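Undergrad: Mind having a look at this structure? Questions to follow.
The values are calculated or read from the model by the stated rules, or taken from the named source; none is laboratory data. These numbers come from a predicted model, not from an experiment. Cβ placement follows ideal geometry from the backbone for every residue including glycine, while neighbour counts extend to all protein chains displayed.
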């Protein structure tokens with residue numbers, strides 16, 4: 001609710017004539033004001049997804065949909081990063097076979113050594129004993 005209010009405020013700042021539309025050019029500025037940092041190609045992709053009429057403008061409901069998608073992606077990436085850090089106990093940027101074995105045999109639904117070996121074989125693409 002509070003976030004929707006923030007989005008509406010930001011959207012309104014860039015809706016110069018108050019007609020409920022912002023141009024695609026203004027979209028990047030709006031998103032940056034909300035702490036997002038999309039690349040040009042990401043902006044174009046997001047615009048293409050919601051600008052059904054290809055008229056170069058986006059209304060507020062389309063903008064909300066777009067921001068929800070963008071923030072969901074960001075949250076997912078952050079969750080994956082946090083989970084990786086749980087596994088990467090020595091913080092070297094890799095998950096060693098030993099680190100994976102420790103987590104998978106001691107936390108949650110404990111796996112057998114054979115199950116962990118199979119998981120490592122599948123995840124270790126280059127055979128160096130690490131998951132990167």
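Undergrad: Looking at the range 47-57, which of the residues that are crowded, with 16+ Cβ neighbours inside 10 Å and in contact with a helix residue (DSSP H, G or I) (Cβ under 6 Å, 6 or more places away or on another chain) is nearest to residue 1 (Cα to Cα)?
TA: Once the filter is applied, the top-ranked residue is 50.
Undergrad: If I ask for residues that are under 19 Å from residue 129 (Cβ atoms) and assigned to a loop (DSSP other than H, G, I, E, B), which ones from the range 77-114 would you list?
TA: 88, 89, 90, 91, 92, 93, 94, 111
Undergrad: Sort out which residues of the range 54-73 are out of contact with any strand residue (DSSP E or B) (no Cβ under 9 Å at 6 or more places or on another chain) and under 19 Å from residue 8 (Cα atoms), and write them in order of number.
TA: 61, 62, 64, 65, 67, 68, 69, 70, 71, 72
Undergrad: Do we find a residue being touching a strand residue (DSSP E or B) at 6+ places or on another chain (Cβ under 7 Å) and at pLDDT 80 or above anywhere in the range 43-53?
TA: There is at least one residue in the range 43-53 that is touching a strand residue (DSSP E or B) at 6+ places or on another chain (Cβ under 7 Å) and at pLDDT 80 or above.
Undergrad: When the residues of the range 1-38 are filtered to those that are in contact with a helix residue (DSSP H, G or I) (Cβ under 9 Å, 6 or more places away or on another chain) and assigned to a loop (DSSP other than H, G, I, E, B), which remaining residue is modelled with the highest pLDDT?
TA: If we take residues in the range 1-38 being in contact with a helix residue (DSSP H, G or I) (Cβ under 9 Å, 6 or more places away or on another chain) and assigned to a loop (DSSP other than H, G, I, E, B), then 20 is modelled with the highest pLDDT.
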